[in-house]
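Notes for the one structure printed next.
The values are calculated or read from the model by the stated rules, or taken from the named source; none is laboratory data. The structure displayed is predicted, hence computed values, not measured ones. As a convention, Cβ positions derive from the backbone with ideal geometry for all residues, glycine included, and neighbour counts pool all protein chains shown.
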Amino acid sequence: MESRPRAAAGDGRERPRGAVLDAETALRVLYASHWRQLVRLAALLLGSTSAAEEVVQDAFVAMYHRWHRLEDPAAAGAYLRASVVNGCRSAHRHRQVEERHRPPPPPEPAGPDERAEQREVDAAVMTALRRLPARQQEILVLRYYADASEGEIADLVGISRGSVKTHAHRGLGALRSALADRAGGGS
Amino acid sequence: MSPTDSGPFADEPPEHHPTARLLRGALTREADMVRPGDHGLERITEQLHGPAGVPGGEPGPPTPLAGRRGRPGWLPWVAGLAAAAVVGVIAGLAVVTSDDQTVPVAAPTRSEPADPTPSVDPSGPAPSGTSPSDPPPTATEAPVTGSLDQVPVYWVGASRASLWLYREFRTVPDAGGVVASAVRAAMSQSPLDPDYSTPWRQPSRLDVTTEGDAITIDVSADAFASTDVGSDLAATAVQQLVWTATAAAQSPGPVTVLVDGAAYDAWGAVALGEPMTRDGDARAPIWLDTPTEGADLPAGEVTFTGQANVFEGNIVWEVEDAGGALVADGFTTAAMGEFVAYTFAATLPAGRYVVSVHSPDASGGESPEGDRMFEQTRTFSVS
């Protein structure tokens, strides 16, 4: 995420980086482009949309105050993402274990068999995920939803790359056994 | 979502792959079920500047229009490029290097003291987050006395970490001729599309004069009241005026901007006072001209039009309904190297929709901003 978007080959219309907006404009532009996806990410990290919206709002407020040092939409996007991950971690600390064990919404009954089956599997996966330690959940969501790289996750979460790997492996292994138990062996 | 088994960790044990794939799919579908509320900006602004309007910052109801707007740059969504037209039909592709096809209602006059009384400018500067309720220019209503239709007004939008100019055709208060009215709108109104913006503040005084092709804009210094305007935004904002004035005048320019009759250093970044022409690179690579934001169209075949100059000329378009479901998509191919008009059509029943157009990323999705380059979205309804 540190790399810059490269110029679109051929059209020659990319302009140099350093797009500088005032804080109000930046807020509106970044809100338009990031709000929904950040809420989705936070909702996956927290298991609650309303809590997610609060965390993302706080991230935008922090970004606004910091804008004079960011001055670049791409840097601000990275800053927002890091703030959201941090915010979710603090929110998590203040929440009780019951949240993690809250079952996901029941699968919709209607629909073709295939979809119903997929919803069941999804529900099982989400339930198993929610039972993992918070750190493992966080890393798995960042990796498999946000497609963050090992280095990016290490930066976002503030741990070493080796720890990221360890947590991811443990988390995935625990998921695998949980799903295998559910299916009565192998998935 | 790409069903790639391996994640960023190359040494992932193979036995984890099926679990990783299941997790990836479950997370994606779980995320799709999250419907972020639409009042975040209001509540953020409230947190920053105190309550502005309605007291109480309760989260609004989740709105179903949580479609493609704001697709994340850094999530590698896979554009449905392979799936061509599902319901929609590519109506055709005009190859016209058309520019501003404005219909000036009034010919530019030689001298236009453009300082309308407040009553002539009912929309004024809209508060943040709201759009003035100008009717879409395609509406066939009788023109209101004192306003001009189909006036090209340019705005600033961000894409790919750069700033670009986008155009809207607007019905604007008549400030003494089409050029003055267009320039005044660019400096004092808000864009219909919430993805656009402008750093200009409504000036207390604005005079626009034309002499042959040359246009002179003389404005009061309070138009520059926005703070923290960086050099790129400043340059784009100045070009916003150049493009707006020349489009309205249908002239090549030049445009000279004066502040209280003299040269001026705009936001400490752009020297004003000399004649300027259009910077061709300021124009966004993709414009979506119609429908306009918030337009209400008759049911049946809806035609979408725009102009683009993108790599390999590929434009992917998608129409989503109010529930975020894809109801029509496809792509068009335009010539490269120049801006050409593109058009596509879809047959749509009554409802609210979001149409999006973008250029697929030529780098194969490696860009951190994702593979939906220069995306434009527009919300409209059909009834």
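Details
- In the range A:21-42 there is at least one residue that is facing chain B (nearest Cβ under 7 Å), at pLDDT below 85 and in a loop (DSSP other than H, G, I, E, B).
- The lone exception for residue B:182 - which of (1) in contact with a His (Cβ under 7 Å, 6 or more places away or on another chain); (2) modelled with pLDDT of 95 or more it fails: (1)
- First in the range A:64-93 and within 12 Å of chain B (Cβ to nearest Cβ), second anywhere and surrounded by fewer than 21 Cβ atoms within 10 Å (Cβ to Cβ) and of a type in the set (Ser, Thr, Tyr), Cβ under 6 Å, 6 or more apart: A:70/A:79
- Within the range B:259-295, being of a type outside the set (Val, Ile, Thr), more than 14 Å from every other protein chain (Cβ to nearest Cβ), in contact with a Pro (Cβ under 8 Å, 6 or more places away or on another chain) and in contact (Cβ under 8 Å) with a residue 40 or more places away in the chain holds for B:275, B:291, B:294, B:295.
- Screening the candidates B:281, B:265 for the property of being assigned to a helix (DSSP H, G or I) and surrounded by fewer than 17 Cβ atoms within 10 Å (Cβ to Cβ) yields one hit, B:281.
To keep it simple, each residue is scored yes or no on (1) touching a residue at least 12 places away in the same chain (Cβ under 8 Å); (2) touching an Asp or Glu at 6+ places or on another chain (Cβ under 8 Å); (3) exposed (fewer than 15 other Cβ atoms within 10 Å of the Cβ).
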{"residue": "A:125", "(1), (2), (3)": "yes, no, no"}
{"residue": "A:132", "(1), (2), (3)": "yes, no, no"}
{"residue": "A:141", "(1), (2), (3)": "yes, no, no"}
{"residue": "A:145", "(1), (2), (3)": "yes, no, no"}
{"residue": "A:151", "(1), (2), (3)": "no, no, yes"}
{"residue": "A:173", "(1), (2), (3)": "no, no, no"}
{"residue": "A:176", "(1), (2), (3)": "no, yes, no"}
{"residue": "A:182", "(1), (2), (3)": "yes, no, no"}
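- Restricting B:347, B:377, B:305 to those that are in a strand (DSSP E or B), surrounded by fewer than 19 Cβ atoms within 10 Å (Cβ to Cβ) and either touching a Ser or Thr at 6+ places or on another chain (Cβ under 7 Å) or at pLDDT below 80 (or both) reduces the list to B:305.
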